[in-house]
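What follows is a short report on a single structure.
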Amino acid sequence: MITAKQMFQLRSMSAGVGVPEEKMPFNKENMLHNSADDAKSVGKMRVEHLQAWFGKAEIIKGVSLSVADKKVTAIIGPSGCGKSTFIRCLNRMHEVVPQALVSGKVFLDDVDIYEKQIDPVKIRSRVGMVFQRPNPFPTMSIRENVLAGLKLNGVKIPRPDELVEKVLEQAALWGEVKDILNRSGASLSGGQQQRLCIARALALEPEILLMDEPCSALDPIATSRIEELIHSIGKICTIVIVTHNMQQAARVSHYTAFFYMGELVEFNDTDILFTKPGKQQTEDYITGRFG
Amino acid sequence: MGTRVYRKRKCVDWVMRSWCIVATLFAVVPLFSVLAYVFVKGIGGLSWNFFVELPKPVGELGGGVGNAIVGSFVLLGIASVVGIPVGVLGGVYLSEFGSNRFGKAVRFCADVMAGVPSILIGIFVYTLVVLSMGSPSALAGGIALSILMLPTIIRTTEELIKLVPTSLREAGLALGMPKWRVILRVVLPAGMSGIATGVMLAIARAFGETAPLLFTAGYNRFWSASLDKRISSLPVQIYEYASSPYEEWHQQAWAAALILVLIVLILNVSAKLLTSSRSHAR
């Protein structure tokens with residue numbers, strides 16, 4: 001039987017890319033627990049007793065956690081554990097679906113984004129999102145896709161060309177598309193499309209970038225490119241990434257939250273969670289005994 | 001498997017196949033004979049003058065249907081200006097906000113309207129517009145045609161907008177766009193070529209309609225001076241000529257019919273081309 005520790009060592013050896021070098025201990029005492037009180041610790045975003053429903057089905061059953069600024073936080077867990085629903089609550093995308101309900105608090109810089117007078121549209125331009133399947137706008141060129149979030153909202157862009165180059169550079173796509181900026185976004189490969197979607201989100205200079213299994217529709221090479229990307233943009237922007245791939249979580253994140261059946265089982269430093277998991281359930285999951 | 005069973009199956013296959021072919025021929029023959037007959041009868045009457053001149057009085061040779069061609073396009077223009085925005089926006093409403101009772105009622109009405117005999121629409125516009133304006137007019141004819149086009153445009157727009165994947169809407173919303181902007185700038189453009197096809201088909205249908213125009217646009221032997229006056233159109237012109245007792249007018253009716261068929265054909269083919277260029281883009 002392989003232990004969690006051995007497993008962690010294995011994946012450290014095999015991980016070719018993107019192991020975060022410096023892992024700041026982030027208020028470790030506070031990070032170890034899930035209660036609402038402790039979640040009030042410093043952080044870019046703070047979730048307090050979040051519940052989410054689809055119709056009568058309760059998908060998220062009271063989760064509290066805190067997202068560290070300019071760090072990568074991974075959310076892992078078996079399929080159907082509510083991890084996608086959870087991050088869709090962080091930029092108010094959950095309520096877009098009919099029958100969807102949310103309760104609880106999500107503080108972005110100490111302002112509850114579920115406060116009545118808050119416009120979800122504004123929140124979404126501060127908290128960007130990358131989806132599971134690449135979804136560039138098919139009727140727009142690569143360039144227009146990058147600028148879409150600003151242009152379609154009527155924002156005047158002082159130097160559009162520079163912005164396009166900058167964010168495509170950040171998304172590690174500039175080299176591949178600099179000569180075909182006017183081609184349709186749909187003409188790119190899947191991995192390129194996903195990086196285009198990341199660039200499109202970055203163009204708005206979001207404070208937080210939510211990524212919902214961004215690599216699950218991609219092959220291993222495209223996946224490793226996205227992972228490198230997460231590592232580099234994680235320095236300029238707070239990232240919350242959902243993944244069902246534990247190795248990926250271990251490679252790219254500073255903190256990891258393990259969800260099971262709509263509840264937060266454990267939340268800790270990625271290193272600690274994968275080497276010395278505090279709960280039996282976590283250990284069972286990361287060693288592959290279920291899920 | 002025995003050879004007898006095998007032979008029997010082959011036989012049944014042959015019979016069924018022949019049956020299908022014969023049935024197809026029965027369906028296609030009238031279609032092509034109409035086209036061929038119109039072509040043969042009409043081609044002799046076509047000349048440059050026929051396209052540009054006014055009808056001449058009985059007994060005089062020559063004359064054309066220039067005013068009717070122009071009239072048809074004027075009517076269609078009015079119908080499009082009224083019908084396309086209302087129809088497309090109605091379709092957007094049904095697909096984006098129409099899952100309530102009201103939406104269901106509208107959808108049902110649109111479906112019923114698509115099957116209503118067009119002469120009823122003519123009578124409706126007659127009582128509503130013509131009677132209050134005092135005489136048939138281009139405006140009334142255009143409104144009648146726009147009502148005729150509405151159900152097709154509403155329903156095709158709705159169906160095509162529903163086909164636009166949710167992921168695109170979510171992409172727009174996640175970029176901090178309000179819903180109306182997502183619909184306008186992301187969803188509509190993505191469905192545009194399909195919607196354009198639906199609109200073209202609606203236009204092609206309206207172009208050939210006679211019944212709603214008889215009491216609304218009326219008939220005019222001369223160039224129409226303004227939109228509140230009677231205006232000629234190809235279908236009504238054909239109706240006038242064909243129901244007259246004069247041989248040379250019958251000949252002109254055939255020629256006008258050929259022009260009508262050709263224009264409708266062009267509209268339909270361009271609708272097809274729009275659809276296929278869309279499937280290429282995918």
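The values are calculated or read from the model by the stated rules, or taken from the named source; none is laboratory data. If you're wondering where the values come from, they're calculated on a predicted model, not measured in any experiment. Positions of Cβ are backbone-derived with ideal geometry, glycine not excepted, and every protein chain shown enters the neighbour counts.
Going by the structure shown, is B:ALA68 more than 26 Å from B:ALA206 (Cα to Cα) and either surrounded by 10 or more Cβ atoms within 10 Å (Cβ to Cβ) or charged (D, E, K, R) (or both)? Give the derivation first.
Details: more than 26 Å from B:ALA206 (Cα to Cα): no; either surrounded by 10 or more Cβ atoms within 10 Å (Cβ to Cβ) or charged (D, E, K, R) (or both): yes.
Against the criterion (more than 26 Å from B:ALA206 (Cα to Cα) and either surrounded by 10 or more Cβ atoms within 10 Å (Cβ to Cβ) or charged (D, E, K, R) (or both)), B:ALA68 does not qualify.
As a summary of the residue check, A:VAL106 satisfies the conditions (1) touching a helix residue (DSSP H, G or I) at 6+ places or on another chain (Cβ under 7 Å); (2) within 14 Å of another protein chain (Cβ to nearest Cβ) except for the one numbered (2). Here B:ILE21 fulfils each of the conditions (1) closer than 23 Å to B:GLU247 by Cβ; (2) over 24 Å from the mean Cα position of the chain (by Cα) apart from (1).
In segment B:25-39, is there at least one residue being assigned to a loop (DSSP other than H, G, I, E, B), out of contact with any strand residue (DSSP E or B) (no Cβ under 8 Å at 6 or more places or on another chain) and surrounded by 12 or more Cβ atoms within 10 Å (Cβ to Cβ)? Looking for residues that are assigned to a loop (DSSP other than H, G, I, E, B), out of contact with any strand residue (DSSP E or B) (no Cβ under 8 Å at 6 or more places or on another chain) and surrounded by 12 or more Cβ atoms within 10 Å (Cβ to Cβ), one finds none in segment B:25-39, hence no. Is it the case that some residue within segment B:121-134 is at positive phi, without any contact (Cβ under 8 Å) to a residue 40 or more places away in the chain and either touching a His at 6+ places or on another chain (Cβ under 6 Å) or not in a helix (DSSP H, G or I) (or both)? The answer is yes, given that some residue of segment B:121-134 is at positive phi, without any contact (Cβ under 8 Å) to a residue 40 or more places away in the chain and either touching a His at 6+ places or on another chain (Cβ under 6 Å) or not in a helix (DSSP H, G or I) (or both). When the helices (runs of 4 or more DSSP H) confined to segment B:161-247 are screened for residues that are over 30 Å from A:GLN194 (Cβ atoms), those reaching at least 3 such residues are found at B:188-207, B:211-214, B:234-242. With respect to A:ALA217, determine if the residue is over 13 Å from the mean Cα position of the chain (by Cα), part of a loop (DSSP other than H, G, I, E, B) and either at pLDDT below 90 or crowded, with 19+ Cβ neighbours inside 10 Å (or both). Yes; evaluated as a whole, the condition is true for this residue. Among the residues of segment A:43-99, those identified as touching a residue at least 40 places away in the same chain (Cβ under 8 Å), more than 14 Å from chain B (Cβ to nearest Cβ) and hydroxyl-bearing (Ser, Thr, Tyr) are A:SER64, A:THR73, A:SER79. Considering only residues in segment A:168-187 that are closer than 25 Å to A:GLU205 by Cβ and not in a loop (DSSP other than H, G, I, E, B), the one that is nearest to the other protein chains (Cβ to nearest Cβ) turns out to be A:GLY185. Comparison of A:VAL242, A:VAL177 shows that the only residue that is surrounded by 17 or more Cβ atoms within 10 Å (Cβ to Cβ), farther than 24 Å from A:LEU65 by Cβ and of a type outside the set (Ser, Thr, Tyr) is A:VAL177. For segment B:158-179, the criterion of being more than 14 Å from chain A (Cβ to nearest Cβ), crowded, with 20+ Cβ neighbours inside 10 Å and over 24 Å from B:GLU53 (Cβ atoms) is met by at least one residue. Within segment B:214-223, is even one residue more than 14 Å from chain A (Cβ to nearest Cβ), over 20 Å from B:GLY122 (Cα atoms) and either aliphatic (A, V, I, L, M) or crowded, with 20+ Cβ neighbours inside 10 Å (or both)? There is no residue in segment B:214-223 that is more than 14 Å from chain A (Cβ to nearest Cβ), over 20 Å from B:GLY122 (Cα atoms) and either aliphatic (A, V, I, L, M) or crowded, with 20+ Cβ neighbours inside 10 Å (or both). Taken over segment A:145-165, the criterion of being in contact with a Gly (Cβ under 7 Å, 6 or more places away or on another chain) and touching a residue at least 40 places away in the same chain (Cβ under 8 Å) is satisfied by A:ASN145, A:GLY149. Applying the condition of being within 7 Å of chain B (Cβ to nearest Cβ) and hydroxyl-bearing (Ser, Thr, Tyr) to segment A:119-146 and asking which residue is nearest to A:GLY234 (Cα to Cα) yields A:SER125.
The residues of segment A:249-274 that are in contact with a Gly (Cβ under 9 Å, 6 or more places away or on another chain) and not in a strand (DSSP E or B), listed by number, are A:ARG251, A:VAL252, A:SER253, A:HIS254, A:MET261, A:GLY262, A:ILE272.
Of A:LEU181, A:LEU152, all but one fail to be modelled with pLDDT under 90 and out of contact with any Cys (no Cβ under 7 Å at 6 or more places or on another chain); the exception is A:LEU152. Here A:ALA201 passes the criteria (1) crowded, with 16+ Cβ neighbours inside 10 Å; (2) out of contact with any strand residue (DSSP E or B) (no Cβ under 7 Å at 6 or more places or on another chain) except the one numbered (2). Of A:ILE226, A:ILE230, A:ILE241, A:ILE236, all but one fail to be assigned to a loop (DSSP other than H, G, I, E, B), among the hydrophobic types (A, V, I, L, M, F, W, C) and more than 14 Å from chain B (Cβ to nearest Cβ); the exception is A:ILE236.
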